[in-house]
1. Restricting to region 10-36, name every residue that is without any contact (Cβ under 8 Å) to a residue 24 or more places away in the chain and either among the hydrophobic types (A, V, I, L, M, F, W, C) or under 17 Å from PHE59 (Cβ atoms) (or both).
2. Being in contact (Cβ under 8 Å) with a residue 12 or more places away in the chain and either exposed (fewer than 14 other Cβ atoms within 10 Å of the Cβ) or among the hydroxyl-bearing types (Ser, Thr, Tyr) (or both) is the filter here, so list the residues in region 37-46 that pass it.
3. If you take the residues of region 50-69 that are in contact with a Cys (Cβ under 9 Å, 6 or more places away or on another chain) and hydroxyl-bearing (Ser, Thr, Tyr), which of them is modelled with the lowest pLDDT?
4. Can you tell me which residue in region 21-41 is modelled with the highest pLDDT, limited to those that are part of a loop (DSSP other than H, G, I, E, B) and more than 13 Å from the chain's Cα centre (by Cα)?
5. Within region 1-40, which residues are among the β-branched types (Val, Ile, Thr), out of contact with any Ser or Thr (no Cβ under 7 Å at 6 or more places or on another chain) and over 11 Å from PRO52 (Cα atoms)?
6. Taking the stated definitions as given, is GLU47 farther than 20 Å from LEU8 by Cα and modelled with pLDDT of 90 or more?
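The values are calculated or read from the model by the stated rules, or taken from the named source; none is laboratory data. Values in this document were obtained by computation on a predicted structure and should not be read as measured data. Glycine also receives a Cβ, built like all others from the backbone with ideal geometry; neighbour counts cover every protein chain displayed.
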Amino acid sequence: MAIESFDLAEGVQIGGGVRPVYIAGPCVVESRDFVVEVAGRIGEIAERYGVPLIFKSSFDKANRSSESSFRGP
């Protein structure tokens with residue numbers, strides 16, 4: 001049974017044998033300025049190479065290896 005593709009967002013299709021979608025971004029949001037800069041740079045790279053991209057980051061990263069590690073704002 002073939003898996004049909006579906007539109008996740010404009011220009012981003014998942015499944016059905018379409019090309020892979022990349023998920024990228026920092027593990028945790030350190031600040032608004034930081035996450036906007038990283039998103040912009042990753043977006044430029046994805047656009048340059050014509051690859052579909054989903055930007056992902058977390059506000060609260062609870063699965064850190066140390067209790068004293070930064071978890072987010």
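1. Those that are without any contact (Cβ under 8 Å) to a residue 24 or more places away in the chain and either among the hydrophobic types (A, V, I, L, M, F, W, C) or under 17 Å from PHE59 (Cβ atoms) (or both): ILE14, VAL18, ARG32, ASP33, PHE34, VAL35, VAL36.
2. So in region 37-46, the residues in contact (Cβ under 8 Å) with a residue 12 or more places away in the chain come out as 38-39, 42-43, 46.
Answer for region 37-46, where residues must be in contact (Cβ under 8 Å) with a residue 12 or more places away in the chain and either exposed (fewer than 14 other Cβ atoms within 10 Å of the Cβ) or among the hydroxyl-bearing types (Ser, Thr, Tyr) (or both): just GLY43.
3. SER58
4. Here is the first cut: in region 21-41, the residues part of a loop (DSSP other than H, G, I, E, B) are 21, 25-27, 29-31.
If we keep only those that are more than 13 Å from the chain's Cα centre (by Cα) as well, we get 30-31.
Values: GLU30: 81, SER31: 86.
This residue is SER31.
5. We begin by selecting, within region 1-40, every residue among the β-branched types (Val, Ile, Thr); these are 3, 12, 14, 18, 21, 23, 28-29, 35-36, 38.
Next, from what is left, pick out any that are out of contact with any Ser or Thr (no Cβ under 7 Å at 6 or more places or on another chain): 3, 12, 21, 23, 36, 38.
Listed by number, the residues that qualify are ILE3, VAL36, VAL38.
6. Values: farther than 20 Å from LEU8 by Cα: no; modelled with pLDDT of 90 or more: yes.
No, not satisfied.
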